[in-house]
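Report on one structure; see the data block that follows.
The values are calculated or read from the model by the stated rules, or taken from the named source; none is laboratory data. Just so it is clear, the model here is predicted, and its values are computed rather than measured. Because the Cβ atoms are built from the backbone with ideal geometry, glycine has one as well, and the counts that use them run over all protein chains shown.
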There are 2 protein chains.
Amino acid sequence: MFSIANKKKVRMQQKLKIIKIGGKLIENEQNLSVFLDDFVKLKGAKILVHGGGNMATEVAGKLGFETKMLDGRRITDKNSMEVITMVYGGLINKNIVAKLQHLECNAIGLCGADGNSIISKKRPVKEVDFGYVGDIVKINSAFISSLLEQKIVPVFSAISYGGEGQLFNTNADSVASEIARALSHDFETELYYCFEKKGVLANADDDESVIENLDRRKYKDLIEKKVITDGMLPKLQNCFEALENGVERIFLGNSELLQKKSKHTKIIA
Amino acid sequence: MFSIANKKKVRMQQKLKIIKIGGKLIENEQNLSVFLDDFVKLKGAKILVHGGGNMATEVAGKLGFETKMLDGRRITDKNSMEVITMVYGGLINKNIVAKLQHLECNAIGLCGADGNSIISKKRPVKEVDFGYVGDIVKINSAFISSLLEQKIVPVFSAISYGGEGQLFNTNADSVASEIARALSHDFETELYYCFEKKGVLANADDDESVIENLDRRKYKDLIEKKVITDGMLPKLQNCFEALENGVERIFLGNSELLQKKSKHTKIIA
């Protein structure tokens with residue numbers, strides 16, 4: 001039973017916001033700048049997670065490497081992994097940190113190998129070998145908490161550590177939700193997915209048809225009606241699993257989501 | 001006057017080793033592996049500093065960017081700075097951290113913007129505008145010490161934070177010596193420069209002609225005799241300044257230096 005004492009304990013926990021920023025917000029200098037202005041205004045402990053798929057594809061192309069995709073997922077060979085390490089782990093990550101420092105936000109840029117923070121294992125080979133792609137098996141929440149206690153803002157690129165000295169490309173949505181789940185033991189966690197849309201749409205062709213509250217029943221209903229398809233399916237599956245594993249609240253929306261200035265989707269249990 | 005009590009205090013300080021690894025050791029997978037094996041065996045607090053000049057030049061070339069050098073120094077335009085951020089801050093840095101984690105050394109990869117750790121200002125334009133090149137003005141030793149206290153090993157790429165959201169390319173030797181100087185308030189610091197030679201050579205054509213002990217008098221003498229020239233001059237100037245500013249001991253040698261298995265140069269005050 002959920003006692004009053006327990007409720008009080010939960011209410012007294014420090015809040016933590018985990019924000020995942022999507023590719024299209026990163027790639028445009030102006031969009032990124034507006035987003036980071038909103039990000040630094042968020043009060044309390046916070047973590048930023050980013051990928052950077054299109055930029056990696058662009059750099060790979062310039063270097064003469066072909067990018068292979070399957071159902072929107074990157075098949076990551078050795079060359080691709082090097083490009084991802086350069087672009088996500090270096091270029092995007094360090095530039096975001098520099099911009100945050102300029103906004104007086106004391107950030108630190110990390111990948112999963114740093115402080116042994118995000119541990120993964122190679123995705124099992126079934127019909128397809130995704131190559132250097134890892135699924136998360138452990139988050140080092142003690143290390144991440146120690147940074148938050150020092151009022152440092154971790155900025156994670158979507159790269160995990162697969163053991164044996166190997167870095168793995170990892171889905172940025174999963175990085176955000178796994179961090180939120182792991183940290184929910186010590187914090188009251190909120191998860192924010194910022195992308196190019198205002199939220200989950202009832203009609204893909206109408207950007208204003210935002211579903212403002214989405215629970216599991218409605219979610220199943222929308223899957224049956226084929227309103228929710230493709231990339232949104234695993235993202236939302238991820239959300240409901242996070243809610244069942246300690247994350248308090250989840251929001252999806254565009255760059256204005258952080259200040260709740262526009263319509264957005266709230267996922268509820 | 002230097003009292004016995006003070007001497008005791010110094011003797012009781014925790015030791016810290018700052019190791020700078022040169023480009024040629026990084027670029028060869030086998031050399032790097034041997035070096036890191038020796039590095040993890042070093043007892044106590046330690047910091048690794050790396051650049052990666054040739055690899056950046058190679059990637060820049062593949063991307064179609066021309067690399068401009070002047071007296072061995074890179075003129076860093078916007079494109080060059082992006083490549084350096086990718087190669088030093090991403091590819092080299094994160095791969096070293098992954099390899100160290102594999103050797104059970106809990107490392108964290110940083111550039112100067114991370115935790116506001118290395119602050120620089122743009123090198124003044126005199127005859128030449130070096131572009132995005134920064135000279136160090138401040139080391140955030142409190143942040144670096146807090147990592148060392150947690151038994152975390154910082155791995156710094158030679159990128160500093162110039163304020164205004166800007167990253168700067170910074171000489172890796174200077175990054176190592178400035179960190180050593182700043183941390184010498186809290187630690188008994190030793191500085192190691194690992195490069196392709198066994199040390200400072202009396203005869204540039206004889207790799208065995210290592211000057212094993214070098215003090216300032218001998219150094220001046222060797223400059224006059226033109227034994228020390230070119231790249232070695234600023235490196236050694238840097239060393240003597242570090243010794244005068246709190247660093248206890250400085251060593252120069254090849255990858256075997258860390259385990260003192262071969263001849264090397266010791267710089268003394």
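Values computed for the structure shown
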| quantity | calculated |
| --- | --- |
| Candidates B:ILE179, B:ILE152, B:ILE136 - the one that is closer than 12 Å to B:GLY112 by Cα, at pLDDT 95 or above and over 10 Å from the mean Cα position of the chain (by Cα) | B:ILE136 |
| Pair list, Cβ < 6 Å and 6+ apart or interchain, from the range A:134-152 residues that are farther than 13 Å from A:LEU16 by Cβ to residues that are acidic (Asp, Glu) and surrounded by fewer than 20 Cβ atoms within 10 Å (Cβ to Cβ) | none |
| Residues of the range A:222-269 satisfying the condition of being charged (D, E, K, R), farther than 26 Å from A:LEU183 by Cα and surrounded by 13 or more Cβ atoms within 10 Å (Cβ to Cβ) | A:LYS263 |
| Of the criteria (1) modelled with pLDDT of 90 or more; (2) out of contact with any helix residue (DSSP H, G or I) (no Cβ under 8 Å at 6 or more places or on another chain); (3) within 18 Å of A:GLU196 (Cβ to Cβ), which one A:MET232 fails | (1) |
| Only one of B:ASN213, B:ASN254, B:ASN203 that is of a type in the set (S, T, N, Q) and at pLDDT 95 or above | B:ASN213 |
| Within the range B:98-112, considering residues that are more than 7 Å from chain A (Cβ to nearest Cβ) and under 16 Å from the mean Cα position of the chain (by Cα), the one nearest to B:ASP37 (Cα to Cα) | B:LEU110 |
| Given (1) surrounded by fewer than 20 Cβ atoms within 10 Å (Cβ to Cβ); (2) within 12 Å of another protein chain (Cβ to nearest Cβ); (3) of a type in the set (Gly, Ala, Ser); (4) closer than 27 Å to B:LYS261 by Cα, index of the condition B:SER146 fails | (4) |
| Search result, residues across the range B:55-65 that are outside any loop (DSSP other than H, G, I, E, B) and surrounded by fewer than 17 Cβ atoms within 10 Å (Cβ to Cβ) | B:GLU58, B:GLY61, B:LYS62 |
| Members of the range B:147-177 that are in contact with a Gly (Cβ under 9 Å, 6 or more places away or on another chain), outside any loop (DSSP other than H, G, I, E, B) and among the hydroxyl-bearing types (Ser, Thr, Tyr) | B:SER157, B:SER160, B:TYR161 |
| Unmet criterion (only one of (1) at pLDDT below 95; (2) over 20 Å from the mean Cα position of the chain (by Cα); (3) within 13 Å of chain A (Cβ to nearest Cβ)) for B:THR67 | (3) |
| Selection count where residues are aliphatic (A, V, I, L, M) and in a loop (DSSP other than H, G, I, E, B), scope the range A:232-260 | 1 |
| Selection within the range A:178-193 - within 14 Å of A:ILE267 (Cβ to Cβ), not in a helix (DSSP H, G or I) and not β-branched (Val, Ile, Thr) | A:GLU190, A:LEU191, A:TYR192, A:TYR193 |
| Residue under evaluation A:VAL87, criteria (1) of a type in the set (Val, Ile, Thr); (2) touching a Phe, Trp or Tyr at 6+ places or on another chain (Cβ under 8 Å); (3) within 12 Å of chain B (Cβ to nearest Cβ), criterion not met | (2) |
| Criterion: on the phi < 0 side of the Ramachandran plot, of a type in the set (S, T, N, Q) and within 14 Å of chain B (Cβ to nearest Cβ) - qualifying residue of A:ASN28, A:ASN95 | A:ASN95 |
| Residue list for the range A:194-231, restricted to those being part of a loop (DSSP other than H, G, I, E, B), in contact (Cβ under 8 Å) with a residue 40 or more places away in the chain and of a type outside the set (Val, Ile, Thr) | A:PHE195, A:GLU196, A:LYS197, A:LYS198, A:GLY199, A:GLU208, A:GLU212, A:ASP215, A:ASP230, A:GLY231 |
| Search result, residues across the range A:39-54 that are among the charged types (D, E, K, R) and crowded, with 17+ Cβ neighbours inside 10 Å | A:LYS46 |
| Unique match (being within 27 Å of A:SER146 (Cα to Cα), surrounded by 13 or more Cβ atoms within 10 Å (Cβ to Cβ) and not β-branched (Val, Ile, Thr)) among A:ALA182, A:ALA204 | A:ALA182 |
| Some residue of the range A:75-83 being more than 20 Å from the chain's Cα centre (by Cα), in a loop (DSSP other than H, G, I, E, B) and either more than 9 Å from chain B (Cβ to nearest Cβ) or not aliphatic (A, V, I, L, M) (or both) | yes |
